[in-house]
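Remarks on the structure that follows.
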Ligand code: HEC
Ligand code: HEC
């Protein structure tokens with residue numbers, strides 16, 4: 001347990017957390033600037049002041065982890081602290097080249113679970129300790145929270161599963177419990193997952209998606225999708241803007257590699273700074289740009305044919321076979337999903 005010794009952890013972590021304010025401001029600034037430059041007739045991007053839990057309608061999430069940990073919380077343990085670091089700086093603790101090396105890319109959990117997993121409709125973690133164990137179609141069984149986290153390690157982070165009693169797992173779960181502590185057992189858990197989305201009744205158009213990408217995404221994620229790497233003092237070893245395809249991205253078995261899942265994430269959260277209440281992209285644009293991103297090469301997950309042992313539970317937008325219907329793989333990949 002020395003790893004969780006609060007003093008040594010704080011020593012390691014403190015200087016970073018001060019410096020972290022700067023990149024956050026830079027990101028906010030870029031968010032606002034690109035919000036304006038992308039398309040003048042559109043609403044300006046909203047800032048990150050909307051950290052979940054502010055009490056607005058539809059928000060169920062208690063105050064952001066950062067506030068919680070720095071101020072009010074006398075009993076925030078080193079374990080919770082470590083869990084928070086693992087989730088927001090995954091690359092630095094368990095990424096490629098680290099001693100532990102669990103993930104195979106340099107993303108953080110919070111690359112997708114925004115604001116340390118406290119942002120509504122960015123697949124927040126808040127309340128999950130009360131929802132799990134729950135049925136997961138991909139494995140066709142009731143899964144624990146630990147097993148679900150391993151799913152993201154193996155796919156979103158293109159890495160490997162770890163033991164449920166691994167200190168990394170224990171710390172992440174402690175953090176999730178911590179940010180969930182104000183929620184009652186039976187919810188409501190509004191804001192879980194992503195915004196709802198009705199797939200347009202047509203195949204997605206990756207060509208149009210490329211144009212949407214150029215106008216709304218490339219400024220941060222790069223025309224080549226490789227993102228912008230962190231530098232000393234600012235997400236070093238990870239990304240300021242994460243890659244969306246290529247070898248350091250999520251693999252082809254990840255939830256984000258499904259068209260509708262990606263479109264829902266993008267619509268409610270991208271370009272960075274928009275919220276589910278004031279999205280910037282139309283459903284059509286989110287659909288096309290998601291198809292564009294997921295038409296690109298990314299790491300390949302082995303044994304995907306074993307996913308969804310009960311094929312009747314396989315989502316329509318799962319891009320890889322086998323299927324129980326006669327719809328082509330291409331149509332499962334980019335729609336239309338009117339079958
Ligand atoms: C590339 C994006 C990405 C990254 C990185 C990522 N995840 Fe996920 N995660 C997802 C998606 C997509 C879902 C599915 C959400 C849904 O189905 O609504 C998900 C779902 C989950 C869930 C279940 C949420 C729920 O409401 O049931 C948990 C728990 C989770 N992830 C934990 C993690 C942890 C911990 C990490 C880091 C070790 C991580 N994820 C990294 C994309 C990501
Ligand atoms: C202002 C900069 C900015 C813009 C513009 C932007 N993003 Fe992002 N995006 C980010 C950041 C930063 C993250 C990771 C969140 C974090 O680290 O807190 C992210 C995360 C993501 C992720 C999940 C993480 C990953 O690497 O897969 C996807 C997918 C994504 N963005 C897609 C898009 C799309 C599509 C657009 C255009 C519609 C877009 N983004 C526009 C900054 C931006």
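Yes/no matrix, rows are residues, columns are (1) in a loop (DSSP other than H, G, I, E, B); (2) out of contact with any helix residue (DSSP H, G or I) (no Cβ under 8 Å at 6 or more places or on another chain); (3) without any contact (Cβ under 8 Å) to a residue 60 or more places away in the chain; (4) surrounded by fewer than 14 Cβ atoms within 10 Å (Cβ to Cβ):
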| residue | (1), (2), (3), (4) |
| --- | --- |
| 268 | no, yes, no, no |
| 276 | yes, no, no, no |
| 281 | yes, no, no, no |
| 286 | no, no, no, no |
| 292 | no, no, no, no |
| 298 | yes, no, yes, no |
| 305 | no, yes, yes, yes |
| 309 | yes, yes, no, yes |
| 315 | yes, no, no, no |
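Is it true that residue 147 is more than 9 Å from ligand 1 (Cβ to nearest atom), surrounded by fewer than 19 Cβ atoms within 10 Å (Cβ to Cβ) and touching a residue at least 40 places away in the same chain (Cβ under 8 Å)?
Working: more than 9 Å from ligand 1 (Cβ to nearest atom): yes; surrounded by fewer than 19 Cβ atoms within 10 Å (Cβ to Cβ): yes; touching a residue at least 40 places away in the same chain (Cβ under 8 Å): no.
Here the answer is no, as residue 147 does not meet what is asked.
Restricting attention to segment 250-266, and to residues there that are buried (at least 21 other Cβ atoms within 10 Å of the Cβ) and farther than 17 Å from residue 197 by Cα, which single residue is farthest from ligand 1 (Cβ to nearest atom)?
Within segment 250-266, the match that is farthest from ligand 1 (Cβ to nearest atom) is 253.
Whether any residue in segment 189-196 is touching a residue at least 24 places away in the same chain (Cβ under 8 Å) and touching a helix residue (DSSP H, G or I) at 6+ places or on another chain (Cβ under 6 Å) is what I want to check.
Residues of segment 189-196 touching a residue at least 24 places away in the same chain (Cβ under 8 Å): 189-196.
Applying the additional criterion that residues be touching a helix residue (DSSP H, G or I) at 6+ places or on another chain (Cβ under 6 Å) yields 194-195.
The answer is yes; a qualifying residue exists.
Among the listed residues 225, 193, 238, identify the single one that is more than 22 Å from residue 261 (Cβ to Cβ) and either under 19 Å from the mean Cα position of the chain (by Cα) or in a loop (DSSP other than H, G, I, E, B) (or both). Please lay out each step first, then the result.
Details: 225 fails: more than 22 Å from residue 261 (Cβ to Cβ); 193 fails: more than 22 Å from residue 261 (Cβ to Cβ).
When all the criteria are applied, what remains is 238.
Which of the numbered conditions does residue 128 fail, given that it passes all the others? Conditions: (1) within 16 Å of the chain's Cα centre (by Cα); (2) surrounded by fewer than 20 Cβ atoms within 10 Å (Cβ to Cβ).
(2)
Considering only residues that are in a helix (DSSP H, G or I) and either at pLDDT below 95 or buried (at least 23 other Cβ atoms within 10 Å of the Cβ) (or both), which ones fall in segment 89-98? Before you say what the answer is, go through the steps one by one.
Taking segment 89-98 and keeping what is in a helix (DSSP H, G or I), we get 90-94.
Hits for segment 89-98 are 90, 91.
Scan segment 241-249 and tell me whether some residue there is over 17 Å from residue 158 (Cα atoms), modelled with pLDDT of 95 or more and either assigned by TED's automatic domain parsing to the domain that holds residue 104 or surrounded by 17 or more Cβ atoms within 10 Å (Cβ to Cβ) (or both). Quick ask: steps written out before the conclusion?
Taking segment 241-249 and keeping what is over 17 Å from residue 158 (Cα atoms), we get 241.
When the remaining residues are screened for being modelled with pLDDT of 95 or more, the result is 241.
Pick out the ones that are also either assigned by TED's automatic domain parsing to the domain that holds residue 104 or surrounded by 17 or more Cβ atoms within 10 Å (Cβ to Cβ) (or both) and you get 241.
Yes, segment 241-249 contains a residue that is over 17 Å from residue 158 (Cα atoms), modelled with pLDDT of 95 or more and either assigned by TED's automatic domain parsing to the domain that holds residue 104 or surrounded by 17 or more Cβ atoms within 10 Å (Cβ to Cβ) (or both).
Of the conditions (1) within 11 Å of ligand 2 (Cβ to nearest atom); (2) closer than 24 Å to residue 109 by Cβ, residue 260 fails just one. Which one is it?
It fails just one condition, (1).
I'm trying to understand the selection: among the residues of segment 99-116, which are farther than 13 Å from residue 235 by Cα, out of contact with any helix residue (DSSP H, G or I) (no Cβ under 6 Å at 6 or more places or on another chain) and either in a loop (DSSP other than H, G, I, E, B) or near ligand 1 (Cβ under 8 Å from one of its atoms) (or both)?
Answer for segment 99-116, where residues must be farther than 13 Å from residue 235 by Cα, out of contact with any helix residue (DSSP H, G or I) (no Cβ under 6 Å at 6 or more places or on another chain) and either in a loop (DSSP other than H, G, I, E, B) or near ligand 1 (Cβ under 8 Å from one of its atoms) (or both): 99, 101, 104, 105, 112, 113.
Residues 151, 159: which one is part of a helix (DSSP H, G or I) and modelled with pLDDT of 95 or more?
Numbers: 159 fails: part of a helix (DSSP H, G or I).
On inspection, the qualifying residue turns out to be 151.
The values are calculated or read from the model by the stated rules, or taken from the named source; none is laboratory data. It should be emphasised that the depicted structure is a prediction, and the values quoted were computed from it without experimental measurement. When we count neighbours, we look across all protein chains shown, and the Cβ atoms used for this are built from the backbone with ideal geometry, even at glycine.
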